[in-house]
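Any read-out appearing in this document is the output of simple, stated calculations on the displayed coordinates, not a laboratory observation. Keep in mind that this is a model prediction, so the values were computed, not measured. All Cβ positions, glycine included, derive from the backbone under ideal geometry; neighbour counts span all protein chains shown.
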Ligand code: ADP
């Protein structure tokens with residue numbers, strides 16, 4: 001499913017494995033220690049190879065990690081991309097601890113990084129809706145609202161954003177929001 005904007009930008013929804021997607025930037029659902037993990041994080045490091053963690057080691061040594069709601073940039077190793085944006089989504093704790101704003105901030109940070117790095121195509125997973133427990137019916141509208149808002153801008157360099165959902169059920173939630 002896709003949505004075309006009057007300015008030519010495109011938002012796509014698909015089911016798949018984000019490590020198989022070719023794009024200028026792929027987004028990882030990372031943790032604030034930038035230490036790697038399971039889920040999409042593990043898949044990205046396995047497919048991308050050790051250079052990504054070596055870059056994260058250097059970022060960690062300098063900055064100590066990455067705060068929730070923000071993201072850091074590395075190269076993409078063997079992945080068919082130029083960059084990986086490692087975004088740290090919030091752990092869901094009932095929704096009254098600012099999770100919605102932190103999740104929105106993750107997407108906004110990645111969209112800003114995309115503009116700074118002249119990224120034209122990028123792919124997001126559904127941040128925080130795996131191990132971090134964010135209900136996808138609440139996270140989907142936040143993710144789509146941020147990307148829609150960004151792609152609607154006349155001067156966005158970003159041309160195409162894909163959400164790569166990992167199951168048909170997740171896809172249906174995003175599709176119904178869109
Ligand atoms: P978080 O800790 O932010 O919740 P997870 O990796 O546990 O991150 O899950 C985020 C989402 O990514 C989940 O919906 C999960 O099903 C999905 N996911 C896991 N592996 C992949 C993959 N290879 N490609 C795309 N999405 C994936």
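Cut-off 10 angstrom, C-alpha nodes, Gaussian network model of the chain. Which of 39, 140, 77 fluctuates the most?
39
For the chain, what is the relative contact order in percent, using Cα pairs closer than 8 Å and at least 6 residues apart in sequence?
In percent, rounded to a whole number, it is 31.
For a quick check, take a GNM of the chain with Cα springs below 10 Å and name the residue from 82, 93, 108 with the largest mean-square fluctuation.
Top of the fluctuation ranking is 93.
Once you've got the GNM for the chain with C-alpha springs shorter than 10 Å, pick whichever of 127, 52, 44 has the biggest mean-square fluctuation.
52
Give the separation of the Cα centroids, the stretch 1-55 to the stretch 79-126, in Å.
10
Rank these for me by crowding, 86, 150, 117, going from fewest to most other beta carbons within 10 Å.
117, 150, 86
Considering only the stretch 2-177, what is the antiparallel percent among its DSSP beta bridges, to the nearest 5?
Antiparallel: roughly 30 percent of the beta bridges in the stretch 2-177.
For the chain, what is the mean residue ellipticity at 222 nm derived from helices alone (per DSSP H run of n ≥ 4: -39500 (n - 2.57); sum divided by total residues; nearest 500 deg cm²/dmol)?
-12000 deg cm²/dmol
Within a 10 angstrom radius of the beta carbon, how do 79, 11 rank from fewest other beta carbons to most?
So the ranking, lowest neighbour count to highest, is 11, 79.
Would you mind calculating the relative contact order of the stretch 1-79 from Cα pairs under 8 angstrom and at least 6 residues apart, reporting the percent as a whole number?
27
Relative contact order for the stretch 104-154 using alpha-carbon pairs under 8 Å, separation at least 6, rounded to a whole percent?
46
Using the count of nearby Cβ atoms within 10 Å as a rough guide to exposure, how do 168, 24 rank from fewest to most?
With the sparsest Cβ surroundings first, the list reads 168, 24.
With N set to the residue count of the chain, report its C-alpha Rg divided by 2.2 N^0.38 Å to two decimal places.
Compactness ratio reported: 0.94.
Quick one: length gained pulling residue 169 to residue 117 fully straight, 0.36 nm per residue minus the C-alpha distance?
Computed gain between residue 169 and residue 117 is 15.4 nm.
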